[in-house]
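Shown next, in structure tokens, is the structure this report addresses.
Computed from the coordinates by the stated procedures, all read-outs in this text should not be read as laboratory data. Computed from a predicted structure; not experimentally measured. With ideal geometry, Cβ positions are generated from the backbone for all residues, glycine too; neighbour counts draw on all protein chains shown.
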């Protein structure tokens, strides 16, 4: 019986992981994990989330430029905020989250 329970648990865990991997990335969670340290304090010249004046010239360059800079790094910002394990989609979700609150 224990073997069957363990097999069911492993199977259920695999299904849950697969479902999570296919969900849309949570921009706020990624921001909290990888972006907040600089984009809440302005460290190294990072625009503070919600500061419409600081974000305006960046937003004017277009989302593709913001995505590119966030994924590949720009000036003092390291690629993916120094979190190499993040997918491009997760980084884009975090950018969307910051921009949404900064327009």
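The set of residues in segment 56-66 being in contact (Cβ under 8 Å) with a residue 12 or more places away in the chain and surrounded by 14 or more Cβ atoms within 10 Å (Cβ to Cβ) consists of 59, 66. Only residues that are touching a residue at least 24 places away in the same chain (Cβ under 8 Å), surrounded by 14 or more Cβ atoms within 10 Å (Cβ to Cβ) and out of contact with any strand residue (DSSP E or B) (no Cβ under 9 Å at 6 or more places or on another chain) were counted in segment 67-86, giving 6.
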